[in-house]
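These notes are about the structure you will find just below.
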Amino acid sequence: MRYEMVAGLETHVELLTKSKIFCGCSTEFGGEPNTRVCPVCSGMPGTMPVLNRRAVECAILVGLALNCDITHRNKFDRKNYFYPDLPKAYQISQLYFPICRDGYLEIDSSDGVKRIGIHEIHMEEDAGKLIHDPWDDRTFVDFNRCGVPLLEIVTEPDFRSAEEVTAYLEKLREILLFLGVSDCKMQEGSMRADINISVRPIGSSELGTRTEMKNMNSFKAISRAVEYETRRQIEVIEAGGAIVQQTRRWDDNKDASFAMRSKENAQDYRYFPEPDLLPLHIDDEWISAAREAMPELAEEKRRRYMNDFGLSEYDARVLTSFREWALLFENIAELSGQPKEAANMIMVDIARLCSENSILPENLKISPDKISALIELITTQKINRTVGKTALEEIFYRDVDPVKYVEENELLAIGDRDELLAAVKTTLNECPKSVEDFKNGKQKAFGFLVGQIMRAFGGKADPKSVNALLKEELEKI
Amino acid sequence: MTIPFSAVEAAKMIKTKKISAIELTTEAFSAIKNVELSVSACITTLENEALDRARVVQTRIDAGEAHSPLFGVPMMVKDNICVKGVAATCGSKMLGNFTPPYNASVYERLLEAGAILTAKTNLDEFAMGGSTETSYFGVTKNPWDVTRVAGGSSGGSAAAVASGETFYALGSDTGGSIRQPCSFCGVSGIKPTYGAVSRYGLIAYASSLDQIGPIGADIRDCAAVLSIITGKDPKDSTSVEQSAGLDEDLSSMIAETDPIDIAGMRVGIPADYFGDGLDNGVKAAVMNAAKILEGLGASLVDIKLPLVKYAVPAYYVIACAEASSNLSRYDGVKYGFSSGETENLDQLYVNTRGEGFGAEVKRRVMLGSFVLSSGYFDAYYKKGLQARELIQRDFFSAFELCDVILSPTAPTVAYKIGENISDPVKMYLGDIYTVSVNLAGLPAVVIPCGFSDDMPVGMQLTGRRFDEKTLIKTAWAFQKNTDFHVKRPSIWKEGVK
C-alpha cells in the first residue's frame, strides 16, 4: 500500500520588542543568568502583568502578513503547570480568543503554488531556562528569558511532505524577518517548531493517529525528523501495529526520535481566563494603522527590483536573502541612482568582505552614503575599478570618506589621452621582445604590456583606455 | 491631653502642633504593648523603624508639608500586602521567611501621604478564612471578648483598630474579609469597587475578587484612607481612575461644614437577606438601623435579590479556581519555604506544598484545581461564572429601585474560637451576605449598628459601582446621629488614650 503523510506545524517565535511582554525588563538574548529579571517576570507574590502594546502590534503585523482575521476582542488565559522554569507556575497565553485566525501562507511546492492554512496565532510569554550542572548533579534556573513575548503560529494539517514543511518555514522566516518582528534564530531559540504528523493510505480522507515531535533546532533537523517519523509510522502500520498518540523528542545526533509522554500522561493545563489583565480591544483604526505601517515584504521587493531596477530574478533573490542587504541595497540605489552598480557591489564585493570577516548581515555596519559616493567615483570614471575595490575595503574596514581617500592618496584615474599615448609608446619601445611575441600570436604578451603601462601610472590609469590605445598602437606596428 | 481615636482628628492635632508624630507613634507602641498579648493582632511589629519614620515625617510636618488628611498618623497593614524590606508572611509557613523587595502601590501612596507603619497584621492563611484561626502565627482574639474570634480574614487589622493599637489599618476583601471582621469587632470598613484600588503588591488569593480597603474607627477615617489609595495605577491593568467627588465630600466631612443630608435617599431592604439562618439579635440591630436611617429622611424600599442563595457556591468555585492558580508559584524553588533536598522534582513540590500550606489552603487549592480540570470545567467553573453574571444583573435591577442596599454583614456576631473551625461548610455559609458584593464587583461599607449578646453588630451598605461616595455619605450621616461607633471594648482603656 502507498501512504501519504499529513502534518501540521506549531511555530513559536520570540518577538523583537525592547522589553518583555508583561514588564519592563530587556528581552536581549544572553546576559548573566537572572540579570534581566524583575519582581513581575520572576513571579514574585503580589506582582501583576501589564501588557506591552508593541508586542500586540507585532502580532497584528504577522497576522496581516499571513492573511488572518484580527480578533477585535482579545482575552488572555492562564495555562497552569508546574515546572521550575515557569516562576508563576502558569503561562499567560490565549486559548479562547487568539489574536489572529483563519489565514494562509502560499508556498512553492512540487505541484506549484500551494496554500498552507493558518489556523490561529496567539500571544504568550516565554519561560526561563534550566541549566544543569553535571559536576554537582544540580540544576539551576535562569529567568532571563521569562516573559519574552512569543507568538505561536498554528497551521492547519496541510503539509504532505518534508519539502513543503521546509518551504513553509523558510517563507515564514523570511516574512518575520522582513516585518522586523523577530530575528528567527533557531540556535538561540527565538524560532522553534513542533510538528504533528500522521500517515494514511493515499486516497483516504480520514486522519491517522498523530504524534507530536519536539526539539528540532534547525530546518534540516525538522526535515529529517519529518522523514524519520513518516517512515517510522508507516513501518509500524505495515507490521500490523497501531500508532500511539504521544509526544516524541527528536535527537539530532542519533538521527532518531524517542517517546516522551503518551496521551494518557498528557498534562491537564486547567486553562481559565487571566483575571489580572483586562480584555484587549483591537479596533479597526488600530488594524489599519498597522496595515499602513506594514513594511514591504521580500516578495514585493523582488518584484520591484526586477520591474523598476531591471535586476535579474537571481540578483533580486540574492539581495532579498537578508533584510539588511535589501535595505542597504535600496538605500544605496536611491542615493546613487545606480541600482545595478549597487546590486553588484553588495552581492560581489561587500558579500565577500563579510564572509572573509565572518560578519553576519545584521551586524554589517557600512555607510550607504559613502558607498554611493564610491559608485559615483567609479561610474564617472574618476577612479578605475581596481582602485574602487581598494577604496571599498577602506570604507569597510576604516569607514573612510572615499572622495577624500582617493584624493589624499592620489588615486584619481589618469585619463589624459596624450599622457597615456606617450606612455604606451615608451613601453612599446622599451619592450620589443613582447611586441614581437604578440605579433607571433602570444596573447599573454598583451597583458604584460598593459601591466607595464599601468605600473608607470602607479595603477591609477583607466585600464579600458590603456587597452584601447595599446591595441591601436600595436596595429600600427 | 486626650488622644482621639479618630485618625482624622489625630492628624488635625498633629497639624496644629498639639502633638507630634513621634509622640503619637510612641503612644501607639505603648498601646500595642498593653493589649497585644491578649489580642494577638500583629505578626510583625516595627517599633524602631516606625520611630525613625516618625522623625522623618515630623520634619516634613514642621516644614509645612502635611498635605494629606492623615499625615503623621500611625497605621498598620495586613500581612498579605507588600512593604519593601518587611516580612510579608500571608499568615503562612510558606511565606514565613519572605521579604518583598518592593512596596504595594497602596503603601507607596500612603507613604507619600505621611503614614507611619507600626505593624503588619494577622490574617487567615493567604486570606482564606473568616476567623483568623487558619493563620500559621496563631489566632487573633476579639477585643470585646478574647474567647471569641475577631473574624477574618482581616481579623488582625480589625482587632488592632478596635483595641486601640492603631488608628487605622489596611485590610483586603475577597468575599467579606474586611467587612465581616469589622462587624465582629465593632469598627468601620470599606470594601471598594473592584478596580477602585490598585492590587499591585497585594499577594493574590482570588484576583477577580480581591480588593484592598481601609478599616478605621469611623467611616470618615476610612474615607480619608480611601481618598489616598484609590485611583489608576499603571502597575495594575484592572485599576481605574478615581471616581469623581470623593475628595470634595471628604473635605467637607473633615471640615464639618455642611450638615450631612440623606433626605430622600432610597435604602433598599432585601427580604432575601433577612430570612432563615440570620441570628435574631443581628436582625433586630440591622432593622433598628433601617429605622434610624428612615428617621434621618431616607425612604425604605423593599427589593429582591433572590439569587443570593447561589452566591456562596459560585464564590467558592471561582475564588478557589483562581487561588489554585495563584498559589501554584509557591513551589520551594524561588523564595519562601522549601522542604529542602529531595529525590526528584515532583517530591520537592509535594513536600514543600504539603508542609508549607495549612489545611484550609490545601482544601481550597484542591477544590479549585478540581473545578478547573478537564471534564469538570463546564459543570463547575463555567456554571460559577454564569451565576456570577446573573447575580450582577440582580444587583443592577435592584439599583433601579434604590440608591443603597442595607443588609446584615454576617448571620451572627463573633463566635467562640474553635467553634466552627472543623465545619468548613458552616464557615463558608457565614459569608452569605458578603460574597455576592465581590462577585458583582460592587462597593460596600460596614459600620457598627448595635449589639447582640454583648457583641457588636455591623450593618452593611452596598452601592452602585464606583459610588463609594453615596455609601460614605449615608454611613457618616448614621454615625453623626448614633454612638455605636464610639463604643469601645473595655480592653481599649489600655490602648491609645
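Per-atom-type breakdown for the protein assembly as shown gives carbon and sulfur 50% of the accessible area (1.4 Å probe, protein chains only).
Calculate the FRET efficiency for B:D302 and B:N481 from the Cβ-Cβ distance with a Förster distance of 25 Å, rounded to the nearest 0.05. In this case the efficiency is close to 0.60.
What FRET efficiency do you get for A:E419 and A:M306 if R0 is 35 Å and r is their Cβ-Cβ distance, rounded to the nearest 0.05? Given R0 = 35 Å and the Cβ-Cβ separation, E is 0.25. Under the convention that each Lys and Arg Cβ holds +1 and each Asp and Glu Cβ holds -1, the size of the dipole of segment B:328-375 around its Cα centre is about 300 debye. Using a 1.4 angstrom probe on protein heavy atoms only, which residues from segment A:252-298 are buried by at least 40 Å² of accessible area when all chains are present rather than their own chain alone? When all protein chains are present, A:D268, A:R270, A:F272, A:P275, A:D276, A:L278 each give up 40 Å² or more of accessible surface. Subtracting the Cα-Cα distance of A:R352 and A:H72 from their residue separation scaled by 0.36 nm leaves 96.0 nm. For a test of the definition: using alpha carbon positions, the gyration tensor, and the 1.5 limit on a/c, classify the protein assembly as shown as rounded, prolate or oblate. Since a/c reaches 1.5 and a/b is larger than b/c, the shape of the protein assembly as shown is classed as prolate. Relative contact order, whole percent, for chain A stands at 13, derived from Cα pairs under 8 Å and 6 or more residues apart.
The modelled label-to-label distance between A:T380 and B:T59, using points 7 Å beyond Cα along the C-beta direction, is 6.9 nm. Note on segment B:129-190: Cα-Cα pairs beyond 16 Å make up 30% of the total pair count. Segment B:461-486 to segment A:229-295: how many Å between their Cα centroids? A separation of 55 Å, based on Cα centres. Burial of accessible area (probe 1.4 Å, heavy atoms of protein chains only) in segment B:323-354, relative to its chain alone, reaches at least 30 Å² for B:S325, B:S328, B:R329, B:V333, B:K334, B:Y335, B:L345, B:Y349. Dipole magnitude for the protein assembly as shown: computed about the Cα centre from +1 point charges on Lys and Arg Cβ and -1 point charges on Asp and Glu Cβ, it is near 960 debye. Distance distribution note for segment A:3-285: the fraction of Cα pairs above 28 angstrom is 39%. Each chain gives up part of its surface: A and B jointly bury about 2800 Å² of accessible area, both sides summed, for a 1.4 Å probe. Axis angle, to the nearest 10 degrees, between helix A:53-65 and the longest C-alpha principal axis of chain A: 80 degrees.
Taking 0.36 nm per residue of separation and subtracting the Cα-Cα distance, full extension of the segment from A:R455 to A:N409 would add 15.0 nm. Residue by residue, segment A:35-47 carries 3J(HN,Hα) couplings of 9, 10, 9, 9, x, 6, 7, 9, x, 5, x, x, 7 Hz when phi is fed to the Karplus relation 6.51 cos²θ - 1.76 cosθ + 1.60 (θ = phi - 60°); x denotes Gly or Pro.
Equivalent ellipsoid of segment A:1-64: semi-axes from √(5λ) of the C-alpha gyration tensor, largest first, are 33, 16, 13 Å. Coupling constants for segment B:45-53 follow from the phi torsions by the Karplus curve (6.51 cos²θ - 1.76 cosθ + 1.60, θ = phi - 60°), and in residue order they are 9, 10, 4, 5, 4, 5, 5, 4, 4 Hz; glycine and proline get x.
Computed with a 1.4 Å probe over protein heavy atoms only, the accessible area of B:M455 comes to about 0 Å². Remark on segment B:82-121: accessible area falls by at least 30 square angstrom from chain-alone to full-complex state for B:Y102, probe 1.4 angstrom. Where Lys and Arg each count +1 and Asp and Glu each count -1, what net charge lies around B:K383 among other residues with Cβ under 15 Å from its Cβ? Residues close to B:K383 contribute a combined charge of +1. Here chain B yields Rg over Rh of 0.95, to two decimals, using C-alpha coordinates and the Kirkwood radius.
Summing charges over all other residues whose Cβ lies under 12 Å from the Cβ of A:N52, with Lys and Arg as +1 and Asp and Glu as -1, gives +2.
Using just its DSSP H runs of length 4 or more, each adding -39500 (n - 2.57), chain A gives a mean residue ellipticity at 222 nm of -12000 deg cm²/dmol after division by all residues. Look at the stretch A:46-58: the mean tally of other chain Cβ atoms within 10 Å of its residues' Cβ atoms is 4. Across peptide A:78-90, the mean count of Cβ atoms from other chains lying within 10 Å of each residue's own Cβ comes to 5. For B:E389 paired with A:E296, estimate the spin-label separation in nm (one decimal), with each label point 7 Å from Cα along the Cα-to-Cβ line. If labels sit at B:E389 and A:E296, their model points lie 4.9 nm apart. Note that segment A:169-180 has calculated 3J(HN,Hα) couplings of 5, 5, 5, 4, 4, 4, 5, 5, 5, 6, 6, x Hz, one per residue in order, obtained from phi through the Karplus relation 6.51 cos²θ - 1.76 cosθ + 1.60 (θ = phi - 60°); glycine and proline are x. Spin-label model, A:T426 to A:M1: label points 7 Å out along the Cα-to-beta-carbon direction sit 8.8 nm apart. When +1 charges are put on Lys and Arg Cβ atoms and -1 charges on Asp and Glu Cβ atoms, the dipole computed for chain B relative to its Cα centre reaches about 20 debye. Using 1/(1 + (r/R0)^6) with R0 = 45 angstrom and r between the beta carbons of A:E393 and A:S218, what's the FRET efficiency to the nearest 0.05? Computed FRET efficiency for A:E393 and A:S218 comes out at 0.85. Solvent exposure of the protein assembly as shown amounts to 41 Å² per residue of accessible area, where only protein heavy atoms count and the probe is 1.4 Å.
Please compute the contact order of chain B in relative form: average sequence separation of alpha-carbon pairs under 8 Å and at least six residues apart, divided by the residue count, as a percent. Relative contact order for chain B comes out at 19 percent. Rg and Dmax, both from the Cα atoms of chain A and both in Å, are 30.1, 96. Mean separation of Cα pairs under 8 Å and 6+ residues apart, divided by the residue count of segment A:417-476: what relative contact order is that in percent? Rounded, it is 39 percent for segment A:417-476. Anisotropy class assigned to segment A:417-476 is prolate, per the alpha carbon gyration tensor with a/c at or over the 1.5 cut-off and a/b larger than b/c. For segment A:73-126 versus segment B:306-350, the inter-centroid distance based on Cα atoms is 27 Å. Okay, helix-only estimate at 222 nm for chain B: each DSSP H run of n ≥ 4 adds -39500 (n - 2.57), divide by all residues, round to 500 deg cm²/dmol; what do you get? Computed mean residue ellipticity for chain B: -12000 deg cm²/dmol.
The values are calculated or read from the model by the stated rules, or taken from the named source; none is laboratory data. The structure presented is a predicted model; accordingly, all values stated were derived computationally and were not measured. Note: ideal-geometry Cβ built from the backbone for every residue, glycine included; neighbour counts use all protein chains shown. Each accessible area value is taken on the protein alone, full model and side chains, heavy atoms only, with ligands, DNA and RNA left out. Shrake-Rupley method; radii C 1.70, N 1.55, O 1.52, S 1.80 Å.
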